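Peer 1: Structure below; questions to follow.
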């Protein structure tokens, strides 16, 4: 088709830049929440779907499958049971809203609560997708320092007091308490209590993003913050993207009806994918726990390979704590390494990394850090990719000086 | 959980009213694009998914399944082939964007093109979901009269000239040319040419919503407007919701890259449901045509039952043209019947209808009209529901005077 019509005068003035054409994943892909390909329970999901379709397939003929806009009833029942068993959180299935990944949950919560000029509290290092969403909504965010026990509640107390002094009441405190993204830390139970207590004192909702909690392999999974809350002050979201498969696009929001009833009118998508909901509802009750145990072993092993490759290739130049679960590691390089520049140089050579600036509330403070995802690449790809990254980093910044015991 | 936290000060001031709790479908449900339950190819979809999962299931481990954000490659190939064979529209699969139902397609196109205060052209009676979206975006719309040949291009010419006089350039002309919603009419080829020519003359994009075209059972399916366009001036959307099942949530936008590349950055959902995309890609090439032939017969028969019930129960009080396809019929009652009031009274007695005001660009002009969907209810439910509706209408407005040959 010959193109001549000019759409330029028709597009909104504030659109993001045009997308580039898709050219496939790069050779060494250390970004994105992709998961281990062999870990996807492909046959079991197909079998589950075949079963549930025999029983319930005619429901596909109606929007919402006869369950209304909260989502497929058996899946909400299943999630409620899983949250109780795995996260110590008793939940009424009618307080669960199925969403198109946790991303839609974040969008719905943001859409109901946030207006331009609002302020939100986040962890000082946090999920890049949340930070970019907040920026595009015109919302300010303040980062709270994170240590090995998660968000530092002493720092939170300071920031809340200072904001109050300035007459600013944040709209919510966004936290990823368990396998924090990107730091991989787990908020201690004590800190959870303190956080809840501060939120109550200042009268501020908490938005608990628990997307990685099923992948915690070290230590016991702490009770969710929402489960400790008696006042309905915590909005919670989770997902099957990390535990089963990201392409399924099924997440969930847990909140009380006064909140859900305001989110629902913003969910104008006609429902989430029916086959995903049905397959998960059938698969999870009998197989989720065992599957996730296996997946954790696989990821833990990949994490070990990633840690080994970083130590071998970067030596003392790379500082990190091995995460307690999940699919990513957060690495600090020497202060003079600019990971925005490193990411660009690496991308040109087939290595994708997340520069720390995009994962930091204060972009500058993250500029010598990077996030590396290890869920999808094979052991060999991890080793070769980290070696290539070290070479590129050396070429750009002169560090690491030595790697794999060879002077560069 | 005891609720005490008050979210009221936190919600945006401009939120829609809170949702009501789901209480199930009513006894007589004549609203919503639900489809015939026995017509859903349940077993064949499950089999298709089992097949494709064996081959391609590991792709679930990555966002986009390795195909980028346009959607699953084999499904785009399949849609391209179907559009060429069924709609006379040769299409590059890279000009197809898979969406979460056509609703997401509409949202993306609106999001890229519309700002508050903009003007859009629609058919005088049109899809309520589009009209409500335009209203909530703060966009004005002007309705063009529809007759048996679809949008009246003589009226369109008048309106475009008048708008130009006023210095208003509409952002696009939204049309449902084939099995128009709600009128059920089909735009003639001659009118399509005239529409395209007017759009070219005034330099205005066309947004062609072809969601019902696969359900056309009377006459030949006309070529799409987009297929007649040499300039890339037409953005097209379609769906599997009406032809396969609404709960699948798979639709598509067809447009040239200069348009798609601006829609993609607005699609921040992490992709559409993978199982749906895979199942459809596997099922459709060999089975779609035959399935839709069968579905058309079922729907045509239900339409016949609906027409019979309306004639029997409403007699001369109901005016309508039997639709040429689809799942709904558009009915005019005497001018003094207010269908907003009728819809309310009927809902209280278990009969849901779409009042004409919600399906009309000029709400007032539609106030004595209504839309009745017949895709989902059984023959018996259609007959009993229309009888109940006639009784309610008689009780409220004194019409119909007679029904089923019995004086009321």
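Peer 1: In the stretch B:224-238, what residues are in contact (Cβ under 8 Å) with a residue 60 or more places away in the chain and either over 17 Å from residue B:95 (Cβ atoms) or within 14 Å of chain A (Cβ to nearest Cβ) (or both)?
Peer 2: B:224, B:226, B:227, B:235, B:236, B:237
Peer 1: Looking only at the stretch A:192-217, which residues are buried (at least 24 other Cβ atoms within 10 Å of the Cβ) and under 15 Å from residue A:149 (Cβ atoms)?
Peer 2: A:192, A:195
Peer 1: If you don't mind, another one. Considering only residues of the stretch B:114-138 that are in a loop (DSSP other than H, G, I, E, B) and in contact (Cβ under 8 Å) with a residue 40 or more places away in the chain, which is farthest from residue B:160 (Cα to Cα)?
Peer 2: So, considering only residues that are in a loop (DSSP other than H, G, I, E, B) and in contact (Cβ under 8 Å) with a residue 40 or more places away in the chain, the one farthest from residue B:160 (Cα to Cα) is B:127.
Peer 1: Filter the stretch A:43-75 down to residues that are surrounded by fewer than 19 Cβ atoms within 10 Å (Cβ to Cβ) and under 28 Å from the mean Cα position of the chain (by Cα), then give me how many there are.
Peer 2: The qualifying residues number 2.
Peer 1: I've got another one for you. Out of the stretch A:365-385, which residues are in contact with a helix residue (DSSP H, G or I) (Cβ under 7 Å, 6 or more places away or on another chain) and part of a helix (DSSP H, G or I)?
Peer 2: A:366, A:379, A:382, A:383
Peer 1: I've got another one for you. Testing residue A:80 on (1) at pLDDT below 95; (2) surrounded by fewer than 21 Cβ atoms within 10 Å (Cβ to Cβ); (3) touching a strand residue (DSSP E or B) at 6+ places or on another chain (Cβ under 8 Å), one condition comes back false. Which one is that?
Peer 2: (1)
Peer 1: Right, here's the next one. If residue B:168 satisfies all but one of (1) part of a helix (DSSP H, G or I); (2) in contact with a strand residue (DSSP E or B) (Cβ under 6 Å, 6 or more places away or on another chain), what's the number of the condition it fails?
Peer 2: Tallying (1) part of a helix (DSSP H, G or I); (2) in contact with a strand residue (DSSP E or B) (Cβ under 6 Å, 6 or more places away or on another chain), residue B:168 fails exactly one: (1).
Peer 1: Here is a follow-up. Please specify each residue of the stretch B:168-204 satisfying the condition of being within 14 Å of another protein chain (Cβ to nearest Cβ) and either modelled with pLDDT under 95 or under 21 Å from the mean Cα position of the chain (by Cα) (or both).
Peer 2: The answer is B:171, B:172, B:173, B:174.
Here's the yes/no breakdown for (1) more than 22 Å from residue B:211 (Cα to Cα); (2) at pLDDT below 95; (3) surrounded by 22 or more Cβ atoms within 10 Å (Cβ to Cβ):
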{"position": "B:285", "(1), (2), (3)": "no, no, no"}
{"position": "B:291", "(1), (2), (3)": "no, no, no"}
{"position": "B:299", "(1), (2), (3)": "no, no, yes"}
{"position": "B:314", "(1), (2), (3)": "yes, no, yes"}
{"position": "B:329", "(1), (2), (3)": "no, no, yes"}
{"position": "B:332", "(1), (2), (3)": "yes, no, no"}
{"position": "B:339", "(1), (2), (3)": "yes, no, yes"}
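Peer 1: Now for a different question. Give the residue, chosen from A:105, A:33, A:88, that is under 23 Å from the mean Cα position of the chain (by Cα), crowded, with 21+ Cβ neighbours inside 10 Å and modelled with pLDDT under 95.
Peer 2: On the way: A:105 fails: modelled with pLDDT under 95; A:88 fails: crowded, with 21+ Cβ neighbours inside 10 Å.
From the options A:105, A:33, A:88, the qualifying one is A:33.
Peer 1: Here is a list of conditions, (1) in contact with a helix residue (DSSP H, G or I) (Cβ under 7 Å, 6 or more places away or on another chain); (2) over 23 Å from residue A:133 (Cβ atoms), and residue A:263 meets all of them except one; can you say which number that is?
Peer 2: (2)
Peer 1: Right, here's the next one. Kindly establish whether residue B:282 is in contact (Cβ under 8 Å) with a residue 60 or more places away in the chain, farther than 17 Å from residue B:375 by Cα and part of a helix (DSSP H, G or I).
Peer 2: Yes: the conditions hold for residue B:282.
Peer 1: I've got another one for you. Within the stretch B:1-113, which helices (runs of 4 or more DSSP H) (wholly inside it) include 1 or more residues that are facing another protein chain (nearest Cβ under 7 Å) and more than 30 Å from residue B:392 (Cβ to Cβ)?
Peer 2: Output list reads B:42-56, B:101-113.
Yes or no, residue by residue, for (1) closer than 28 Å to residue B:57 by Cβ; (2) assigned to a helix (DSSP H, G or I); (3) outside the structural domain of residue B:401 (by TED's automatic domain parsing):
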| site | (1), (2), (3) |
| --- | --- |
| B:259 | no, yes, yes |
| B:268 | yes, no, yes |
| B:272 | yes, no, yes |
| B:278 | yes, yes, yes |
| B:308 | no, yes, no |
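Peer 1: Return only the number of the condition from (1) surrounded by 24 or more Cβ atoms within 10 Å (Cβ to Cβ); (2) within 14 Å of residue B:276 (Cβ to Cβ); (3) out of contact with any strand residue (DSSP E or B) (no Cβ under 9 Å at 6 or more places or on another chain) that residue A:244 does not satisfy.
Peer 2: For residue A:244, the exception is condition (2).
Peer 1: When you go through (1) assigned to a helix (DSSP H, G or I); (2) touching a strand residue (DSSP E or B) at 6+ places or on another chain (Cβ under 9 Å); (3) more than 23 Å from residue B:57 (Cβ to Cβ) one by one for residue A:208, which number turns out not to apply?
Peer 2: (1)
Peer 1: Scan the stretch A:249-295 residue by residue and report those that are at the interface with another protein chain (Cβ under 7 Å from one of its Cβ atoms) and farther than 30 Å from residue B:137 by Cα.
Peer 2: A:275, A:276, A:279
Peer 1: Which condition number does residue A:241 fail, the rest of (1) part of a loop (DSSP other than H, G, I, E, B); (2) at the interface with chain B (Cβ under 7 Å from one of its Cβ atoms); (3) touching a helix residue (DSSP H, G or I) at 6+ places or on another chain (Cβ under 8 Å) being met?
Peer 2: Going through the list (1) part of a loop (DSSP other than H, G, I, E, B); (2) at the interface with chain B (Cβ under 7 Å from one of its Cβ atoms); (3) touching a helix residue (DSSP H, G or I) at 6+ places or on another chain (Cβ under 8 Å), residue A:241 breaks only (2).
Peer 1: Just the residues that are surrounded by fewer than 23 Cβ atoms within 10 Å (Cβ to Cβ) and at negative phi, please, taken from the stretch A:383-398.
Peer 2: Within the stretch A:383-398, A:383, A:384, A:387, A:388, A:391, A:392, A:394, A:395, A:396, A:397 qualify.
Peer 1: With respect to residue A:357, determine if the residue is in a helix (DSSP H, G or I), surrounded by 17 or more Cβ atoms within 10 Å (Cβ to Cβ) and out of contact with any strand residue (DSSP E or B) (no Cβ under 7 Å at 6 or more places or on another chain). Give the derivation first.
Peer 2: Values: in a helix (DSSP H, G or I): yes; surrounded by 17 or more Cβ atoms within 10 Å (Cβ to Cβ): yes; out of contact with any strand residue (DSSP E or B) (no Cβ under 7 Å at 6 or more places or on another chain): yes.
Against the criterion (in a helix (DSSP H, G or I), surrounded by 17 or more Cβ atoms within 10 Å (Cβ to Cβ) and out of contact with any strand residue (DSSP E or B) (no Cβ under 7 Å at 6 or more places or on another chain)), residue A:357 qualifies.
The values are calculated or read from the model by the stated rules, or taken from the named source; none is laboratory data. Predicted model only: the values in this text are computed from it and were never measured. All Cβ positions, glycine included, derive from the backbone under ideal geometry; neighbour counts span all protein chains shown.
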